[in-house]
1. Taking the criterion of being basic (Lys, Arg), farther than 24 Å from A:Glu239 by Cβ and either within 13 Å of the chain's Cα centre (by Cα) or in the same structural domain as A:Leu417 (by TED's automatic domain parsing) (or both), would at least one residue in the range A:146-167 satisfy it?
2. Of the residues A:Arg428, A:Arg478, A:Arg446, which single one is over 21 Å from A:Val357 (Cβ atoms), at pLDDT 95 or above and either in contact with a Cys (Cβ under 6 Å, 6 or more places away or on another chain) or not in a helix (DSSP H, G or I) (or both)?
3. Which residue, of A:Pro120, A:Pro217, is outside the structural domain of A:Leu310 (by TED's automatic domain parsing) and either more than 27 Å from A:Arg85 (Cβ to Cβ) or without any contact (Cβ under 8 Å) to a residue 24 or more places away in the chain (or both)?
4. Just give me the residues in the range A:29-50 being exposed (fewer than 11 other Cβ atoms within 10 Å of the Cβ) and under 30 Å from A:Arg73 (Cα atoms), in sequence order.
5. Of the conditions (1) assigned to a loop (DSSP other than H, G, I, E, B); (2) within 28 Å of A:Pro266 (Cβ to Cβ), A:Ser110 clears all except one; give me its number.
6. For the range A:430-463, which residues satisfy the criterion of being crowded, with 18+ Cβ neighbours inside 10 Å and under 10 Å from A:Gln325 (Cα atoms)?
Amino acid sequence: MNDQSTPIFGNLDELEVKLSRTKSWGGLETEASYGPADPQEPTYAKKLGDPGQFPFTRGAYPKMYRSRMWTLRNIVGYGAPEDTREGLEMVLASGGNGINIVVDPLTTQSIDPDHPAFGPEVGLEGCSLPTSRDIDRLLHGVDLSKVDTAWHWAAMAYPMVAAVHVMRGQPLATLQGSNMPDMLQETLCGWGERLVPTMLGHRTTVDEIEYSVRNSPRWALGMPQAYDLRERGLTPAGEIALGMAFINKTMEDLIERGLHVDEVAPSLAWVSTSDIDFFEEVAKFRALRRYWATTMRDRFGAQDARSMRLRIACHTSGKSLVYKQPLNNLTRTAIQGFAALCGGVQSLEACTFDEPVCVPTHEARDLAIRQQQILANEVGAARVADPLGGSWYVEALTDAVEAEAVAMLARIEQIGLLTAITNGTIERMMDEHNLLVQRELDEGERIMVGVNRFVPDEEPAPTRFTFDRTNTEKHVRRFIELKQTRDRTRWRDALRTVYAVARSGGNPIGPMIDAFVADASVAEVWGAVRVAHGYSYDPYNALEAPLDYAN
Amino acid sequence: MQTDFQAEQAEDQPIVRCLLGMLGTDVHSKGIRTIAQLLREAGVEVIYLGEHNSVQGMARAAIDEDADLVGLSFSSAAYVEYTRQLVAEMKRIGADDIPVMLGGIIHPDDHQALYDMGVRGIFGAGSKTADIIAFVRSMGRPR
């Protein structure tokens, strides 16, 4: 398992997007940032500050992309681990420098690929990864202490990837990468109480963050996962409001467990989106950083600048893209990506133009990478920090987005976040937003090209991504074989420990890592936690627990 | 437009009972939730089953709810197989007289196969709300 020989993953540094030029395209030299003649002027210092200075409205770092280029990310995931590995190699060969892995809906829901109801879905919309051995297959030769793997996956990604690191004989303290431990967003974004009960979901998020910051401080936590919340139905101001409600509640619970804000906040990164309104998105990123910094300092007593300096991971909006004339989506994602960079994000994934059609084709993925290379090298998106700072319009919009967010956050916190989720307030709020947008589209008050205006009459059916299912079928057979051949005593004892610790109110993440090392599957490990909290083993109620936890 | 749709509901038209839901692990329920509300406002009786139904549960509900129409939304590529399973199950329990419509991400290359299975309406990305409402209304049965 320690074979580090595969060369394609070895030269990530060379693939990094780099700032190629500080001069404008016309040859004028530029500064790293621009600002008022007197940066100590009180209103400027309080509301904006120079880039890299509190409240970080103008950016997380003084020289922004001149000192730290954004990470060009591209998501990959389909079929068996072997299939996704092939896709990752293609991304890296095109010049992407982050490994971002999407797992299939079954795996994200902690459902095994041999579940009787969901055979047709295994590996269809992401990679099927039911065991740590599968993750090891996917990342064979990838040193998890050196290469940053990003998982579009909630709490279970962490114990599974940690288990691979442990199985390879490496200490957890050296584990690198990131996942998105936010489970409450799942409750709200279609998983519902059945798959992610609010209380258990929130608790698991807190468990994972606590365990990770105590044991693997180099592991980053994409929290909140505001991307899906926006896609489900929120405005930019709503993204800040609900995301901060998640952060505040989670931070309060972590502090109650004895952690200090400065032990937690530096590991967090906001997972955001960039929708089609360029100026409003730029304003959102700036307002978000300002509100975050103020909250960390004033509400939680942060002293470490790294706690107040928010890092943002951005994936452009999938919902904003249009099925008809899908090449128009390249125009949309270019502008959304540019907004994210003008807003100062730390990593950027652009949706592929065929996002509304299917899982990305290889060609579409290639173009998404080229788009960022054009932004970096030709457009000059990386040259100057906060290029729109000081624009009367953008500053007014930044203030307006923040004010609306603060008002909405106050309404949520008055009800209490968890109550507002369980009693349906938040879901209703998002439904109302979606209904309003649909009405405006139906009435023609809001126009989208190819949706309600400028719709082409006839066009050929779009190309869609297909792949050979042979590997997936073999993968499912291999999974069933593993369940028959693993060390049953070790497996059973490990799951019983998960159950016992969860049941006693302890943090089960450590025992979960041990269970994955003992070849337990994702459904078995999460099922043990579910049963310990009084829920059915299988959320779909088609399977019984595979063992008696109590004996 | 909301009032326009309501006005179009003529006195002598039967009330349509439309069962809406999703199959499999798909969580992309934004579209179907919005359509459910727009149909309700247009005078349709919507029985909204939500996400994560089994094929058996969905077919059974079509009978139990005395539905005129079953509407499914998919954003997972497994829709051809799931629709095939649902249509077979509805036939098995004697519900094959209840029409099925699909929405969501449905690729044109699959339309014929779906119509051949017996699917009556397909409303993929870019469909107009008015067209969906008109189709649903046309599926009402005299009671």
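1. Restricting attention to the range A:146-167, the residues satisfying the condition of being basic (Lys, Arg) are A:146.
The next check asks that each one be farther than 24 Å from A:Glu239 by Cβ; those that pass are A:146.
The next check asks that each one be either within 13 Å of the chain's Cα centre (by Cα) or in the same structural domain as A:Leu417 (by TED's automatic domain parsing) (or both); those that pass are none.
No, that holds for no residue.
2. When all the criteria are applied, what remains is A:Arg446.
3. A:Pro120
4. Once the filter is applied, which keeps residues that are exposed (fewer than 11 other Cβ atoms within 10 Å of the Cβ) and under 30 Å from A:Arg73 (Cα atoms), the range A:29-50 yields only A:Glu29.
5. (2)
6. Residues satisfying the conditions are A:Gly450, A:Pro462.
Here's the yes/no breakdown for (1) assigned to a helix (DSSP H, G or I); (2) within 30 Å of A:Val359 (Cα to Cα); (3) among the charged types (D, E, K, R):
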{"site": "A:Thr466", "(1), (2), (3)": "no, yes, no"}
{"site": "A:Leu495", "(1), (2), (3)": "yes, no, no"}
{"site": "A:Gly506", "(1), (2), (3)": "no, no, no"}
{"site": "A:Asp514", "(1), (2), (3)": "yes, no, yes"}
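Okay, residues lined up against (1) within 14 Å of chain A (Cβ to nearest Cβ); (2) at pLDDT below 95; (3) crowded, with 17+ Cβ neighbours inside 10 Å; (4) within 15 Å of B:Ile122 (Cα to Cα):
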| position | (1), (2), (3), (4) |
| --- | --- |
| B:Phe74 | yes, yes, yes, yes |
| B:Thr83 | yes, no, yes, yes |
| B:Leu86 | yes, no, yes, no |
| B:Pro108 | yes, yes, no, yes |
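The values are calculated or read from the model by the stated rules, or taken from the named source; none is laboratory data. None of the values given here were measured: they were computed from a predicted structure. Note: ideal-geometry Cβ built from the backbone for every residue, glycine included; neighbour counts use all protein chains shown.
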